[in-house]
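Data block below; observations after.
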Amino acid sequence: MRLSRYFLPILKENPKEAEIVSHRLMLRAGLIRQESAGIYAWLPAGLRILNKVSAIIREEQNRSGAIELLMPTIQSADLWRESGRYDAYGDEMLRIKDRGDRDMLYGPTNEEMITEIFRAYVKSYKDLPLNLYHIQWKFRDERRPRFGVMRSREFLMKDAYSFDLDFEGAKAAYNRMFVAYLRTFSRLGIKVIPMRADTGPIGGELSHEFIILAETGESQVFCDRAYLGLPVPGPDTDFDDDAQIADIVTRWTTPYAATDEMHDEAAWSKLNGADQLAARGIEVGHIFHFGTKYSEPMGAKVTGPDGKDHPVSMGSYGIGPSRVIAAIIEASHDENGIIWPKAVAPFGAGIINMKPGDAGCDAVSMKVYEALTNAGLEPLLDDTDDRPGAKFATMDLIGLPIQVIIGPRGVLAGEVEVKNRATGERQTLSTEAAINMLA
Ligand code: ATP
Ligand code: MG
Ligand code: MG
Ligand code: MG
């Protein structure tokens, strides 16, 4: 992409409404724009990031055996009356009437709808296990939308729903998602800790929130420092091997980790003082086993091997890609701007042509641009007339992992400068060597 032909509306000033760094940087870097309280437009560079994050989530969901579909954002209230949640859900639900005066709503989540789809088609245990997911916009009329897309009213969610004959099957499904989440967040370049979370009236142990530690987090969390060094399961993880998956879950649930609501002072006090990590955290994912909470009232049953009908045992598994992006920035920035992990950067490299119009600079810039494009790096070439200082500031602000700087003096010597955004390290190399190193 050439910046002169792109739409990247950078803000020079710090927006006053932004209280935390990720919100400030997302606005300044031209990623999002607020259209109403808690409702955001994703500008082109922001959309590229959102798509990259979603693609990684999708790959890991698929790898674990989940199957993608797409459900609508607008749902019928009648569906929610079946589960009893239409009245129970409260003010976070945006309720709408259509022209026929029918009660509709903008989905805050999809348990009811997926249960309706399941019961329409699946009748036998032989079709299980089944895990269906989608990546779709949700609406929750949050009491206090704030921090930009971190807590917005409209937000993207990946939500998966598992269906099994019995608890044992449901637990295996839960474990697969647990491991898929470890892989997903690690690929997104962030360190998450799965923490015991509240299961509400359902009870049981199968609820974990995946938390990123950050000072601006809204939850108080408590965990063992051991989590910071645990190895993440690799791409060769066999999701068909229940025992292998269960082992990984055991390893990742043995050290102490709990959110405020589940915190157990007695267990916590047994930890070595130096291992105790009490911190603020951001919930980026949540997995939850709820058994027959929806299948029972909604009549989602399958015939078991015993020839009898059983309400299916279910779980749901959410990740908020839009919140994840804000959380990545909270964890990865400096005073000059964002530092994107490679996997989610909107462009793989930035090329700064310091003097557009100079034949040498233009030729070298295009050469580097084409080489990096052919290598699949999706570079962004700053070919605008801005002053060099402004170009450097923009490149640092938008946080692409690598910058290639091309100026008239270097061009005469056959050299370009390569800067690593994360470390600030700069190298002067021949154009060829730079291309070979990056492409
Ligand atoms: P919170 O405790 O922050 O209100 P939640 O527990 O209500 O979140 P879940 O119902 O567990 O959220 O939804 C799954 C995921 O969706 C969350 O882990 C989070 O990543 C994302 N999410 C939930 N609410 C929002 C929101 N208002 N804005 C952005 N992402 C959200
Ligand atoms: Mg909530
Ligand atoms: Mg929560
Ligand atoms: Mg939650």
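The values are calculated or read from the model by the stated rules, or taken from the named source; none is laboratory data. Because the structure is predicted, anything quoted here is derived from the model rather than measured. Cβ sites come from the backbone with ideal geometry, for glycine too, and all protein chains shown count toward neighbours. Quick note on the areas: whole protein, heavy atoms, side chains included, nothing else; ligands and nucleic acids left out. Shrake-Rupley method; radii C 1.70, N 1.55, O 1.52, S 1.80 Å.
Which of the residues spanning segment 258-273 are of a type in the set (D, E, K, R) and either over 17 Å from ILE211 (Cβ atoms) or not in a helix (DSSP H, G or I) (or both)?
Filtering segment 258-273 for residues of a type in the set (D, E, K, R) gives 260-261, 264-265, 270.
Of everything in segment 258-273, those that are of a type in the set (D, E, K, R) and either over 17 Å from ILE211 (Cβ atoms) or not in a helix (DSSP H, G or I) (or both) turn out to be ASP264, GLU265, LYS270.
Residue-by-condition table, conditions (1) part of a helix (DSSP H, G or I); (2) near ligand 1 (Cβ under 10 Å from one of its atoms); (3) more than 30 Å from GLY307 (Cβ to Cβ):
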{"position": "ILE135", "(1), (2), (3)": "no, no, yes"}
{"position": "GLU142", "(1), (2), (3)": "no, yes, yes"}
{"position": "ASN175", "(1), (2), (3)": "yes, no, no"}
{"position": "ALA180", "(1), (2), (3)": "yes, no, yes"}
{"position": "GLY189", "(1), (2), (3)": "no, no, yes"}
{"position": "GLY204", "(1), (2), (3)": "no, no, no"}
{"position": "VAL232", "(1), (2), (3)": "no, no, yes"}
{"position": "ASP238", "(1), (2), (3)": "no, no, yes"}
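For residues that are within 30 Å of THR303 (Cβ to Cβ) and of a type outside the set (A, V, I, L, M), scanning just segment 129-159, find the one that is surrounded by the most Cβ atoms within 10 Å (Cβ to Cβ). Break it down into steps so the answer makes sense when it comes.
Our first condition is that a residue be within 30 Å of THR303 (Cβ to Cβ); within segment 129-159, this holds for 129-134, 159.
From the residues that got through so far, the ones that are of a type outside the set (A, V, I, L, M) too are 129, 131, 133-134, 159.
On the way: PRO129: 17, ASN131: 22, TYR133: 29, HIS134: 19, ASP159: 22.
Looking at residues that are within 30 Å of THR303 (Cβ to Cβ) and of a type outside the set (A, V, I, L, M), I get TYR133.
When only residues in segment 290-310 that are farther than 17 Å from ASP127 by Cβ and in contact (Cβ under 8 Å) with a residue 24 or more places away in the chain count, which is nearest to the chain's Cα centre (by Cα)?
Our first condition is that a residue be farther than 17 Å from ASP127 by Cβ; within segment 290-310, this holds for 290-294, 296-298.
Of the ones still in play, those that are also in contact (Cβ under 8 Å) with a residue 24 or more places away in the chain are 290-291, 293-294, 297-298.
Working: PHE290: 23, GLY291: 26, LYS293: 27, TYR294: 27, PRO297: 32, MET298: 31 Å.
Top of the filtered list is PHE290.
How many residues does segment 12-55 hold that are open to solvent by 70 Å² or more (accessible area, probe 1.4 Å) and within 18 Å of LEU380 (Cβ to Cβ)?
Total meeting the criteria: 2.
Assuming VAL249 fulfils every condition listed in (1) closer than 28 Å to ALA343 by Cβ; (2) in contact (Cβ under 8 Å) with a residue 12 or more places away in the chain; (3) not in a helix (DSSP H, G or I) apart from one, which condition is it?
Failing condition for VAL249: (3).
For segment 129-151, name all the residues that are within 16 Å of ligand 2 (Cβ to nearest atom) and either over 19 Å from the mean Cα position of the chain (by Cα) or aromatic (Phe, Trp, Tyr) (or both).
Once the filter is applied, which keeps residues that are within 16 Å of ligand 2 (Cβ to nearest atom) and either over 19 Å from the mean Cα position of the chain (by Cα) or aromatic (Phe, Trp, Tyr) (or both), segment 129-151 yields TRP137, PHE139, ASP141, GLU142, ARG143, ARG144, PHE147.
Could you tell me whether TYR294 is under 18 Å from PHE222 (Cα atoms), away from ligand 3 (no atom under 16 Å from the Cβ), at pLDDT 95 or above and surrounded by 18 or more Cβ atoms within 10 Å (Cβ to Cβ)?
Here the answer is no, as TYR294 does not meet what is asked.
Go through segment 408-439 and give me each residue that's among the polar types (S, T, N, Q), within 19 Å of LEU380 (Cβ to Cβ) and touching a Gly at 6+ places or on another chain (Cβ under 7 Å).
Correct list: THR431 only.
Considering only residues that are open to solvent by 30 Å² or more (accessible area, probe 1.4 Å), assigned to a helix (DSSP H, G or I) and among the small types (Gly, Ala, Ser), which ones fall in segment 366-417?
The answer is GLY389, ALA393, ALA413.
Which residues, counting only those in segment 195-219, are away from ligand 4 (no atom under 15 Å from the Cβ), over 26 Å from GLY291 (Cα atoms) and either open to solvent by 50 Å² or more (accessible area, probe 1.4 Å) or not small (Gly, Ala, Ser) (or both)?
LEU213, GLU215, THR216
Checking the conditions here, which among GLY350, GLY337, GLY318 is at pLDDT 95 or above, open to solvent by less than 30 Å² (accessible area, probe 1.4 Å) and within 16 Å of ligand 4 (Cβ to nearest atom)?
GLY318
Given the structure, is VAL249 surrounded by 12 or more Cβ atoms within 10 Å (Cβ to Cβ) and within 16 Å of ligand 3 (Cβ to nearest atom)?
Considered against the rule, which asks whether it is surrounded by 12 or more Cβ atoms within 10 Å (Cβ to Cβ) and within 16 Å of ligand 3 (Cβ to nearest atom), VAL249 comes out as no.
Looking only at segment 172-194, which residues are open to solvent by 10 Å² or more (accessible area, probe 1.4 Å) and out of contact with any Gly (no Cβ under 9 Å at 6 or more places or on another chain)?
ALA172, ASN175, SER186, ARG187, GLY189, ILE190, LYS191 - these are the residues of segment 172-194 that are open to solvent by 10 Å² or more (accessible area, probe 1.4 Å) and out of contact with any Gly (no Cβ under 9 Å at 6 or more places or on another chain).
Matching residues to (1) touching a Phe, Trp or Tyr at 6+ places or on another chain (Cβ under 6 Å); (2) closer than 30 Å to HIS23 by Cβ; (3) at pLDDT 95 or above; (4) not hydrophobic (A, V, I, L, M, F, W, C):
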{"position": "ILE56", "(1), (2), (3), (4)": "no, yes, yes, no"}
{"position": "ASN62", "(1), (2), (3), (4)": "no, no, yes, yes"}
{"position": "ALA66", "(1), (2), (3), (4)": "yes, no, yes, no"}
{"position": "MET71", "(1), (2), (3), (4)": "no, yes, yes, no"}
{"position": "THR109", "(1), (2), (3), (4)": "no, yes, yes, yes"}
{"position": "TYR121", "(1), (2), (3), (4)": "no, no, yes, yes"}
